[in-house]
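The structure appears right after this line, and notes come after that.
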Amino acid sequence: MPYTLWAVCKMVSERSLTQLRELIQRIVEADTDDFFELAKIAGLNPARDLASANLSGLDLRSAHLVKANLVATNFAKANMVNADLTEASLINANLMAANLINAKLNGASLVSADMMGASLINAQLLSANLAGVNLTKANLNHADLRRAVLIGCKLDDASLHLASLNHVDLRRSSLVNADFRGANLYGTNFSHADLRWADFSDANLAGAIFEKAVLGSNSGLTKEAAADLRRRGAIFDQ
């Protein structure tokens, strides 16, 4: 049985044995391997029935999951290119190595989600809540995170080249060796963040808050820029 069919059947396994057999037969005979078409045949509503489901590795390109309940859902290594997850609840979701290129996550709640190694190139995360998210080694190049909340996040070795982080809250986050080249950091709050070895080449640091942020060995900072950050409260680790 193809993995997509197995995933759908797994989600409806609490039904009676007779109903399950009939359902499996309908799904097997369906002339499609599209997850959402199969979910429809199974009588599932993607907006409410996917919480805690195992959808790892599935092809979910262009999925429409606006305001969906996806709490603790496993999307590890799933292909979610162009998916619309606007205002979806992805609390504690597993998005490790997921492909979210061009995905819409505006207003979504991703609190404590695991997005290690995820690809979020050109993704939209305006006003999203990513507090406590693991974005280690994630690719957020060209992503739009304006006014998003990323308090206490892990962004070590993350790439944010040319990303928009205007007024993003990154307090107490770990951003060791993060790539901010060309990023717009206007009004970004880095208070108490760990920014050692981060690359700020050509980044816009106007209005950014560095109160008690730890820096050191940073590329792209002139002596004048470093002195300015010290005046803003930054601490340079020698």
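Descriptive notes on the structure:
- Any chance residue 59 is touching a helix residue (DSSP H, G or I) at 6+ places or on another chain (Cβ under 9 Å) and either closer than 24 Å to residue 37 by Cβ or surrounded by 20 or more Cβ atoms within 10 Å (Cβ to Cβ) (or both): yes
- The helices (runs of 4 or more DSSP H) found wholly in segment 1-69 and carrying at least 2 residues that are at pLDDT 65 or above occupy 17-29, 35-41.
- Of the residues making up segment 121-134, one or more are within 22 Å of residue 205 (Cβ to Cβ), open to solvent by less than 40 Å² (accessible area, probe 1.4 Å) and in contact with a strand residue (DSSP E or B) (Cβ under 7 Å, 6 or more places away or on another chain).
- Taking the criterion of being among the hydroxyl-bearing types (Ser, Thr, Tyr) and open to solvent by 10 Å² or more (accessible area, probe 1.4 Å), the residues of segment 176-191 that qualify are 186, 191.
- Some residue of segment 190-201 being in a loop (DSSP other than H, G, I, E, B), aliphatic (A, V, I, L, M) and out of contact with any Lys or Arg (no Cβ under 8 Å at 6 or more places or on another chain): yes
- The residues listed here are 42, 68, 88, 78; of these, the one that is open to solvent by less than 40 Å² (accessible area, probe 1.4 Å) and in contact (Cβ under 8 Å) with a residue 24 or more places away in the chain is 42.
- Scope segment 190-238; condition acidic (Asp, Glu) and within 25 Å of residue 132 (Cβ to Cβ); matching residues: 194, 199, 211, 237
- Out of 217, 173, 159, sole residue that is of a type in the set (S, T, N, Q), crowded, with 21+ Cβ neighbours inside 10 Å and out of contact with any strand residue (DSSP E or B) (no Cβ under 6 Å at 6 or more places or on another chain): 173
- Selection status of residue 97, buried (at least 21 other Cβ atoms within 10 Å of the Cβ) and of a type outside the set (D, E, K, R): no
- Filter pass, residue 185 being in contact with a Lys or Arg (Cβ under 8 Å, 6 or more places away or on another chain) and without any contact (Cβ under 8 Å) to a residue 24 or more places away in the chain: no
- Meets criteria (out of contact with any Asp or Glu (no Cβ under 7 Å at 6 or more places or on another chain), closer than 26 Å to residue 113 by Cβ and surrounded by fewer than 23 Cβ atoms within 10 Å (Cβ to Cβ)) for residue 202: no
The values are calculated or read from the model by the stated rules, or taken from the named source; none is laboratory data. No experiment lies behind these values; they were computed from the predicted model shown. When we count neighbours, we look across all protein chains shown, and the Cβ atoms used for this are built from the backbone with ideal geometry, even at glycine. For the accessible areas, the whole protein counts, side chains as well, though only heavy atoms, and no ligand, DNA or RNA atoms are used. Shrake-Rupley method; radii C 1.70, N 1.55, O 1.52, S 1.80 Å.
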